[in-house]
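**Student:** Before I ask anything, let me first share the structure, which is written out below as structure tokens.
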Amino acid sequence: MSDWALKEILLRVHKREAYYHYFHRSEDGTGVDINQRKLGGLFAYWILKLRPISVDFDDGEESRDYAVPEVEQRKANYLNEYFAAYTLYTYINRWYLLEEDGQPLVIKKPIYSNFHDALIYAFRFRNISIDAMMILVEAIGRDTFDRDKVPTA
């Protein structure tokens with residue numbers, strides 16, 4: 001785990017929050033804070049760009065008894081993508097936290113495995129811009145994303 005990358009992720013997310021607050025104004029002229037979904041998208045974006053997790057399988061050991069199987073090595077290559085997806089899902093689900101009679105009520109939004117697999121693939125092999133990530137997060141967080149059919153005019 002790269003300490004530098006984690007600090008840089010926090011710094012860049014904070015800068016984007018400040019940018020959003022300064023340049024996005026409400027009708028009365030006050031700054032607007034970024035919502036939880038977009039915050040999760042920012043963290044996911046910078047995790048994908050800076051890739052804070054890396055695994056070194058070459059420990060200098062010559063014995064094959066301690067060798068890491070190739071299947072496990074391939075899984076380790078996707079750790080940053082899984083970390084980004086987990087962060088994204090966590091912030092989306094946090095947005096769904098409600099209270100009922102003063103008690104927390106958690107409504108978890110289901111993420112279907114075929115969507116998750118497609119998201120991991122896109123995180124690994126596609127170049128997703130920061131603005132596209134914000135649109136993606138809003139789409140996942142809204143009810144319209146769950147519909148089977150898109151309404152047409």
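**Student:** Mind checking whether some residue in the stretch 93-100 is modelled with pLDDT under 80, under 17 Å from the mean Cα position of the chain (by Cα), closer than 21 Å to VAL13 by Cα and of a type in the set (S, T, N, Q)?
**Tutor:** Filtering the stretch 93-100 for residues modelled with pLDDT under 80 gives 93-100.
The next check asks that each one be under 17 Å from the mean Cα position of the chain (by Cα); those that pass are 93-96.
Still in the list and also closer than 21 Å to VAL13 by Cα: 93-95.
The next check asks that each one be of a type in the set (S, T, N, Q); those that pass are 93.
Yes, the conditions are met somewhere in the stretch 93-100.
**Student:** Give the residues of the stretch 1-60 that are over 23 Å from TYR78 (Cβ atoms) and part of a loop (DSSP other than H, G, I, E, B), sorted by residue number.
**Tutor:** Passing the criteria: HIS24, SER26, GLU27, ASP28, GLY29, THR30, VAL32, ASP33, ILE34, ASN35, GLY60.
**Student:** Taking only the stretch 123-138 into account, find how many residues are without any contact (Cβ under 8 Å) to a residue 40 or more places away in the chain and either touching a Cys at 6+ places or on another chain (Cβ under 8 Å) or within 23 Å of ARG16 (Cα to Cα) (or both).
**Tutor:** 6
The values are calculated or read from the model by the stated rules, or taken from the named source; none is laboratory data. Small disclaimer: the values here were computed from a predicted structure and weren't measured. A quick note on method: Cβ atoms are made from the backbone with ideal geometry, for glycine too, and the neighbour counts reach across all protein chains shown.
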